[in-house]
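Engineer: Please find one structure pasted underneath; my questions will follow.
The values are calculated or read from the model by the stated rules, or taken from the named source; none is laboratory data. Computed from a predicted structure; not experimentally measured. Positions of Cβ are generated from backbone atoms using ideal geometry, with glycine treated the same way; all protein chains shown enter the neighbour counts. Note: accessible area is taken over every heavy atom of the protein model, side chains too, but ligands, DNA and RNA are not part of it. Shrake-Rupley method; radii C 1.70, N 1.55, O 1.52, S 1.80 Å.
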Amino acid sequence: MAAPICVARIGAAHGVRGAVKLWTFTEDPLAVKHYGPLTTKDGARQFEVMHAREAKDHLVATLKGIATRDEAERLNGIELYIARDKLPKTDEDEYYHADLIGLAAVTAAGEPLGRVIAIHNFGAGDIIEIAPPQGASMLLPFTNAVVPTVDLAAGRVVIELPEEVDGDDPTAA
């Protein structure tokens, strides 16, 4: 069975009637209302989004059975998951982050670089993080120029390392 996929994280309580801030990790933030019950990673707890509205950078949501601020505060930090088969199919050249994490990273010549450990987006586009066998991880733009090939079936991504990394000019005096 495929590992569950994290689609949201509960944040701080919002107001006094049990609402919570909800950070979603879906293309459409309101999609969390349509997946049915969301669970903790271990499946021990289940939550149903009864109502959600968009706020600045998150949703404000009410969860079934949560009616007070105290109850809402105890949920802060809980990640919410769904079964992989509840997610829509991806388009060509579109991937779920969970599918990329753990893939081998190799050069175009097939030389190993490490493993994909995360995909980040700090506001200027996706960044792929590669952990080599030793040393610090590499943060690279997740673009077609730097990552020309994603081969899920083979379990690898091909990385074209940039020739020069900003601020790393060995000829500078």
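Engineer: Pick from Val16, Val20: which is surrounded by fewer than 19 Cβ atoms within 10 Å (Cβ to Cβ), of a type in the set (Val, Ile, Thr) and in contact (Cβ under 8 Å) with a residue 40 or more places away in the chain?
Structural biologist: Going through Val16, Val20 in turn, just one is surrounded by fewer than 19 Cβ atoms within 10 Å (Cβ to Cβ), of a type in the set (Val, Ile, Thr) and in contact (Cβ under 8 Å) with a residue 40 or more places away in the chain: Val16.
Engineer: Given the conditions (1) open to solvent by 80 Å² or more (accessible area, probe 1.4 Å); (2) modelled with pLDDT under 95, which single one is not true for Arg45?
Structural biologist: Every listed condition holds for Arg45 apart from (2).
Engineer: Would you check which residues across the stretch 70-90 are of a type outside the set (A, V, I, L, M) and surrounded by fewer than 16 Cβ atoms within 10 Å (Cβ to Cβ) and list them?
Structural biologist: Across the stretch 70-90, the qualifying residues are Asp70, Glu71, Glu73, Arg74, Asn76, Gly77, Arg84, Asp85, Lys86, Pro88, Lys89, Thr90.
Engineer: On the basis of being within 27 Å of Pro4 (Cβ to Cβ), over 16 Å from the mean Cα position of the chain (by Cα) and free of Cβ contacts under 8 Å to residues at least 40 places away in the same chain, does Glu94 make the cut?
Structural biologist: It is false that Glu94 is within 27 Å of Pro4 (Cβ to Cβ), over 16 Å from the mean Cα position of the chain (by Cα) and free of Cβ contacts under 8 Å to residues at least 40 places away in the same chain.
Engineer: Just need a number here: residues in the stretch 150-173 that are of a type in the set (Ser, Thr, Tyr) and at pLDDT 95 or above.
Structural biologist: 0
Engineer: Say we look at the stretch 91-146 and pick out the residues that are part of a strand (DSSP E or B) and of a type in the set (Asp, Glu); which of these is surrounded by the most Cβ atoms within 10 Å (Cβ to Cβ)?
Structural biologist: Glu129
Engineer: Okay, next question. Restricting to the stretch 51-66, name every residue that is surrounded by 13 or more Cβ atoms within 10 Å (Cβ to Cβ), out of contact with any helix residue (DSSP H, G or I) (no Cβ under 7 Å at 6 or more places or on another chain) and either of a type in the set (Gly, Ala, Ser) or not in a loop (DSSP other than H, G, I, E, B) (or both).
Structural biologist: Hits for the stretch 51-66 are Ala55, Val60, Ala61, Thr62, Leu63.
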